[in-house]
Amino acid sequence: MPRPKREDQIDLANEVKTVAYRQIAANGAAALSLRAIARELNVTAPAIYNYYSRRDDLVTALIVDSYNSFANALELARDKVGEADYAGQLMGALVAYRAWALAHPEEYSLIFGTPIPGYQAPMELTLPAAKRGMDTIIGILEAAEIAGALTFAPSIASLAPSLREAALTWKREHGYAASIQVLYLALAGWGRIHGLVMLEIYNHLAPFFYDVDALYLAEVDAILHLAGLDKGE
């Protein structure tokens, strides 16, 4: 019988995360088990408890890591484009959104997919990481608006009263300086691309539309058009 590995022989905290993602891919996040991870790593369960005392602590760590990795990808794509090229920044960030999701489907599903039964995310830990991705999109649009580069489509420029109130509430609660039009477009645009990405990850698009690349880019172009960043092209 092989001897369990000593805790100091491996980077246990990160190895646990690696195995956890494999388990999520195979069985879903709800089936995640610290004892099963310990068996796969050939270590004792108490060794894992030194890092993650409960399954939910591991889930929280995975969620925070995933949100930060996702936001890093969006920020990197934005920063590759010139400061005044707001259309290029937004296009780059939205293209990076899909690329990251397809490269990390388990992580994407963990943070944006079906909630895990019985798990309640500690907002003080997860919310700062969760906001980073959305704040990247909002920041691009806000900078473009300040520079006078936005020309909102009528549906965005004149929001219905209920939508205005909802956007104002969001603005107040999270302390955003951006206009309600920017906030609404960021949220509505996210909804559009998130839907396509989830359909693609679960292979629901291919039977209906073979050129998913073109479909996604068309939706990105539509978001740019709603902001007037497409320059009428």
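Read-outs: derived from the displayed coordinates by stated rules, not from any lab. Source: prediction; values computed, not measured. With ideal geometry, Cβ positions are generated from the backbone for all residues, glycine too; neighbour counts draw on all protein chains shown.
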Quiz item: Counting only complete DSSP H runs, which helices of the chain cover 15 Å or more along their long axis at the Cα atoms and score a mean Kyte-Doolittle of 1.0 or above?
Solution: 180-201, 212-227
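Can you check what the Kirkwood hydrodynamic radius comes to for the range 1-124, Cα pairs only, in Å to one decimal?
Its Kirkwood hydrodynamic radius stands at 16.2 Å.
Just how large is the dipole of the range 68-227 about the Cα centre, in debye to the nearest 20, putting +1 at every Lys and Arg Cβ and -1 at every Asp and Glu Cβ?
Working: 9 positive and 17 negative charges, 67 e Å.
Approximately 320 debye in magnitude.
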Quiz item: Is the range 88-233 best put as rounded, prolate or oblate by its Cα gyration tensor, with a ≥ b ≥ c the root eigenvalues, rounded for a/c under 1.5, and otherwise prolate when a/b is larger than b/c, oblate when not?
Solution: oblate
Quiz prompt | Close Lys-Lys pairs in the chain, where close means Cα under 22 Å and separation is 8 or more or interchain | solution = 4
Quiz prompt | Relative counts (whole %) of C-alpha pair distances in the range 100-174, using bins that are 5 Å wide | solution = 3, 11, 12, 20, 18, 14, 14, 6, 1, 0
Quiz item: For Tyr119 and His204, what is the calculated FRET efficiency with R₀ set at 30 Å and r taken between the beta-carbons, to the nearest 0.05?
Solution: 0.70
Exercise. Would you mind estimating how fast the range 180-233 diffuses translationally, via Stokes-Einstein at 20 °C and 1.002 mPa s with the Kirkwood radius over Cα pairs, in µm²/s?
Key: 179 µm²/s
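Out of the range 102-162, which chymotrypsin sites (Phe, Trp or Tyr not before Pro) are coil in DSSP terms and have no more than 15 other C-beta atoms within 10 Å? Before the final figure, lay out each step's value.
On the way: sites: Tyr108, Phe112, Tyr119, Phe152; in loops: Tyr119, Phe152.
The qualifying sites are Tyr119.
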Self-check item: MRE, 222 nm, helices only [DSSP H, n ≥ 4, -39500 (n - 2.57), over the chain, to nearest 500]
Solution: -22500 deg cm²/dmol
Exercise. Pop the C-beta distance of Trp170 and Asp79 into the FRET formula with R0 = 22 Å and round what comes out to the nearest 0.05.
Key: 0.25
Quiz item: What is the chain's relative contact order, in percent, from Cα pairs under 8 angstrom and six or more apart in sequence?
Solution: 19 percent
Practice problem: Identify the residues of the range 75-110 with backbone N under 20 Å of a label point that sits 7 angstrom from the Cα of Leu215 along the Cα-to-Cβ direction, or state none. | Solution: 94-106, 108-109
Exercise. Only residues of the range 124-155 count here: report those whose backbone N is under 19 Å from the spot 7 Å along Cα→Cβ of Ala188, or say none.
Key: 134-135, 137-146, 149-155
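Quick one: compute the contact order of the range 108-233, relative version, from alpha carbon pairs under 8 angstrom and 6+ residues apart, as a percent.
30 percent
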